[in-house]
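This report concerns only the one structure given below.
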Amino acid sequence: MDLSPATVAVTAGRPEPVADAPLSPPLALTSTYVARDGATAPGDQIYGRWNNPTWTAFEDTLGTLEGGSALLFASGLAAIAAVLGEVPNGGVVVAPTAAYNGTVTLLGDRQARGQLTTRFVPIDDTAAVSAALAGADLLWIETPTNPMLEVADLPALGAAGHAAGALVAVDNTFATPLGQRPLALGADVVVHSVTKYLAGHSDVVLGATVTRDEALQARLHTYRTLNGAIPGPFEAWLALRGLRTLHLRVERACANAAELARRLVGHPALSLVRHPSLPGDPGHARAAAQMGTFGAIIAIEVAGGPQAAEQLCSSTGLWVHATSLGGVESTLERRRRHSTEPAVVPTNLVRLSVGIEDVEDLWADLLQALDRIAGWRTGS
Ligand SMILES: *Cc1c(COP(=O)(O)O)cnc(C)c1O
């Protein structure tokens, strides 16, 4: 039976329903497992750096949602590093100019060590990406991008990447598997910062990979084991608890974001509002074609420049000034306050991570802060 994602999020990764057994996967705190007699076989648990049943419960659920086999990692960046491990020494990566800053920084670090070369491209420009692909080993895609919300053409880039002989990886953190399923659109491997929507409560740092390629899955598992990039079982347990309500949280957060984006357009304190739901957004048509939802991140540019953007971040009450995203609570941040943020990100850009609170409360708080920095209604 083909279950809908909402049902999968609730039902996958559970133990067989046996009388008097726990309904939910237990938290398995163990470093070692009782040996089978004889030689070890691939499915054996063996030791806590190889396998853990609490990881497996999360992986089964995420894998079913994305349509592949998942591996949980210690963080999103650990999962990204594992995929970069597929690039041969001296290999070439094609990646977005304005991707998640940890990814860009990691690529720069690998390049400085002489391990690989990265060609940075505007990922929403399919022709520019295709032109950069000759001889590439890995095409790294993020869509929508963090924090500028550029939308890449997944089917076209998947085909172009494969035509060039590159492995095609998609960071699906912003969209979640409810927003888009990159493996079905041509990607070889998906990565997530589980820290964000999948866990969803701003209380764990975790990452994941998902692939349909069994050999790649085995290599990523070996990478995780040998590099020790493993999650804590308790974090995995918390993340699975969060994943059970992914569909409810994402549905509400996306609805809130679309409504707030619509209201933000034209506010005198702002020079730009980006959200793929907006009919005038450059990514709207593409997002409508390949995404089931438009996501819950909004990027705004503050007309008064970086100082006004900072003032906005310190003028809200309900919205918390904080980094990260994808939690139940709404947060905002001027991204260029980080020295590692790519320079193409405007200095006055504020990223809003819209949570699941009441949309009128969110709007009232945002509006009073915007009005204050516009000096518009309050006259202050
Ligand atoms: C946060 C984030 C990451 C990194 O994940 P961590 O869990 O912080 O290591 C990677 N990609 C995107 C798009 C992110 O937002």
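The values are calculated or read from the model by the stated rules, or taken from the named source; none is laboratory data. Note that the structure is predicted; figures quoted are calculated from it, not measured. Quick reminder, even Gly has a Cβ in these numbers, built from the backbone with ideal geometry, and neighbours come from all protein chains shown. Heavy atoms of the whole protein, side chains included, go into the accessibility calculation; ligands, DNA and RNA do not. Shrake-Rupley method; radii C 1.70, N 1.55, O 1.52, S 1.80 Å.
As an exercise, use a Förster radius of 30 Å and the Cβ-Cβ distance of residue 41 and residue 323 to find the FRET efficiency, rounded to the nearest 0.05.
Efficiency, rounded to the nearest 0.05: 0.10.
Going highest first, how would you order 181-194, 34-47 by mean Cβ packing within 10 Å?
Listed from highest to lowest mean packing, they are 181-194, 34-47.
When the helices in the chain are scored as -39500 (n - 2.57) per DSSP H run of 4 or longer and the sum is shared across all residues, what 222 nm value do you end up with, to the nearest 500 deg cm²/dmol?
Value at 222 nm, helices only, nearest 500: -11000 deg cm²/dmol.
Under 10 Å, Cα contacts only: if you run a Gaussian network model on the chain, which one of 369, 199, 169 comes out with the highest mean-square fluctuation?
369
Evaluate the charge dipole of the chain about its Cα centre and quote only its size in Debye, nearest 20, assuming +1 on the Cβ of each Lys and Arg and -1 on the Cβ of each Asp and Glu.
560
What ³J(HN,Hα) values, in whole Hz, does the Karplus curve 6.51 cos²θ - 1.76 cosθ + 1.60 give for the stretch 179-185 when θ = phi - 60°, with x put for Gly and Pro?
x, 7, 10, x, 5, 6, 9
Considering only DSSP beta bridges whose two residues both sit in the chain, what percent are antiparallel, to the nearest 5?
Bridges in the chain are about 55 percent antiparallel.
I'm checking a number: the convex hull volume of the Cα atoms of the chain, normalised per residue, in Å³. What is it?
Considering the Cα atoms of the chain, their hull volume per residue is 148 Å³.
Given the protein chains as shown and a 1.4 Å probe, how many square angstrom of residue 120 are accessible, to the nearest 10?
Accessible surface of residue 120 is approximately 90 Å².
How do the peptides 342-351, 82-91 rank, highest first, by the average count of neighbouring beta carbon atoms within 10 Å per residue?
Most protected by this proxy first, the peptides run 342-351, 82-91.
Given Cα positions, please report Rg to Rh for the stretch 247-378, the hydrodynamic radius being the Kirkwood one.
Rg/Rh: 0.94.
Answer with one residue from 29, 359, 111: the one whose Cα lies farthest towards the positive end of the charge dipole of the chain, charges on Cβ with Lys, Arg +1 and Asp, Glu -1.
Value: 111.
Just tell me, in residue order, which DSSP H segments of the chain are both 18 angstrom or longer along the helix axis (alpha-carbon based) and at least -1.0 in mean Kyte-Doolittle hydropathy.
Correct list, ordered by number: 53-66, 214-227, 246-264, 359-374.
Over all directions, the average projected area of the alpha-carbon convex hull for the stretch 20-126 comes to how many nm²?
Mean projected area of the Cα convex hull: 10.7 nm².
Could you work out how far the C-alpha centroid of the stretch 298-322 sits from that of the stretch 329-378, in angstrom?
One Cα centre to the other: 4 Å.
Which of 225, 131, 278 sits farthest toward the positive end of the charge dipole of the chain, with +1 on the Cβ of Lys and Arg and -1 on the Cβ of Asp and Glu?
My answer, from the dipole projection, is 131.
Convert each backbone phi in the stretch 288-305 into a coupling constant with the Karplus relation 6.51 cos²θ - 1.76 cosθ + 1.60 (shift: θ = phi - 60°), then list the ³J(HN,Hα) values in order as whole Hz, x for Gly and Pro.
Residue by residue, the stretch 288-305 yields 5, 6, 10, 10, x, 9, 9, x, 10, 10, 10, 10, 10, 10, 8, 4, x, x Hz.
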